[in-house]
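A short worksheet on the structure shown next.
What follows draws every value from the coordinates through simple rules; no lab data is involved. Quick caveat: nothing in here was measured; it's all calculated off a predicted structure. As a convention, Cβ positions derive from the backbone with ideal geometry for all residues, glycine included, and neighbour counts pool all protein chains shown.
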Amino acid sequence: MKKLYTLLTFALLFTVVFRADAQYDQLIKSSPADVTKLLQAYGEPLFKGFGTSLNGGWNNTAQTKKFLHFDLRISASAAFVPISDQSFDVSKLTFNHLQIDPASPTNIAPTIGGNKSGATPLMRVTDNNGAPIPGSSFSLPKGQTSIIPAPNIQLTIGIFKNTDLTIRTTPTINISSDIGSVSVLGFGLKHDIIQDFAGKAPKPFDLAIAVNYNRVNYDKTLNIQPPSGSQPAPGTSAADFSTQSIDSHFSGLDIEGIISKRLLFFTPFFSAGYQSATTDFSLLGNYAITSTQYGSTFYTTINNPVHINETSISGLRADAGFQLNLSIVRFYASYSIAPYQSFNAGMGFGF
């Protein structure tokens with residue numbers, strides 16, 4: 001199960017963004033502010049979509065479990081990138097050491113959720129005087145996927161009267177040197193209000209309030225060296241470029257009211273509430289910014305050049321779906337209406 005979780009989530013999700021150090025090599029040559037703007041514009045659908053997917057699949061019924069009864073499930077959420085977030089206009093961004101190359105075929109760049117084929121803007125790096133650095137032109141990356149996934153493994157336990165505790169956790173897994181390492185921690189509480197008043201009387205439906213939070217930590221080492229043949233800028237010394245890494249954290253908060261009605265083995269449900277997601281993404285370590293002087297290439301060193309800290313999503317969310325109870329086996333599915341629509345499905349077992 002751990003292997004399946006790893007392959008479905010992080011091999012797909014993070015590889016499409018962080019698999020090519022060569023792209024960082026060109027971006028880092030510009031300036032910290034320029035790198036941050038490009039990464040933020042290109043990766044925004046990832047931040048929003050992953051946050052939406054993190055908030056999915058917590059609950060598929062308002063009914064809570066008896067004391068120490070449990071449910072273990074694996075599910076997968078997928079958020080769909082809307083057309084409005086599939087591209088961005090590079091000419092509307094202000095750069096310090098980057099400019100659109102006059103030979104560029106277009107000013108419109110795909111985001112990670114955009115077009116996988118076709119031309120992308122051609123950029124070039126400039127020095128402190130605004131002059132293009134020879135050989136510094138590079139094309140912005142193409143789109144990768146318009147579906148942002150987030151599989152989850154969670155355990156739900158009845159802890160006291162009409163209340164469930166849900167835990168999502170995965171210890172740090174070092175997937176590979178190319179992909180990086182990841183860990184997950186989350187928890188949720190759900191309380192069935194109707195049961196507080198109905199007692200042993202038949203209930204027309206179940207009505208619950210739930211609060212859920214989880215956080216994904218992702219780390220990856222990088223190896224971006226200064227261009228071959230370049231020298232430290234006059235008055236500076238060589239730096240250690242062996243401590244480079246990506247350090248990122250994605251968190252999601254979901255507060256919802258849930259209504260459901262069990263009909264034999266079939267339980268349809270509807271929920272509505274508030275969701276938010278935050279992204280904390282950093283490039284740590286020393287990186288080289290190149291420049292040309294008197295026909296020679298020099299570099300200066302910058303430390304921890306990129307830090308993106310943002311609230312990726314914040315707003316209302318509504319989910320509708322069902323749960324099938326077949327003895328100890330359960331099947332789940334739901335669809336979410338929000339700025340990024342998403343789908344969740346999975347299976348589990350319990351009693």
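Each part gets one Cα centre, and for region 198-276 versus region 108-157 those centres are 21 Å apart. Computed from the C-beta positions of SER177 and HIS307 and an R0 of 25 Å, the FRET efficiency is 0.60 to the nearest 0.05. With neighbours defined as other Cβ atoms within 10 Å of a residue's Cβ, the residues VAL182, VAL211, VAL329 order from fewest to most as VAL329, VAL211, VAL182. Within region 325-351, name every residue whose backbone N is under 20 Å away from a label modeled 7 Å from Cα of LEU68 along the Cβ vector. Flagged as within label range: 328, 349-351. Remark: GLU256, GLU44 ranked as GLU44, GLU256, counting other beta-carbon atoms within 10 Å and listing the fewest first.
The aspartates and glutamates whose alpha-carbon is closer than 14 Å to the alpha-carbon of LYS92, local same-chain residues fewer than 8 away aside, are ASP34.
As a length-normalised measure over Cα pairs under 8 Å and 6 or more apart, the relative contact order of region 2-350 settles at 20 percent. Using Cβ point charges alone (K and R +1, D and E -1), the dipole size of region 2-350 about the Cα centre works out to roughly 1220 debye.
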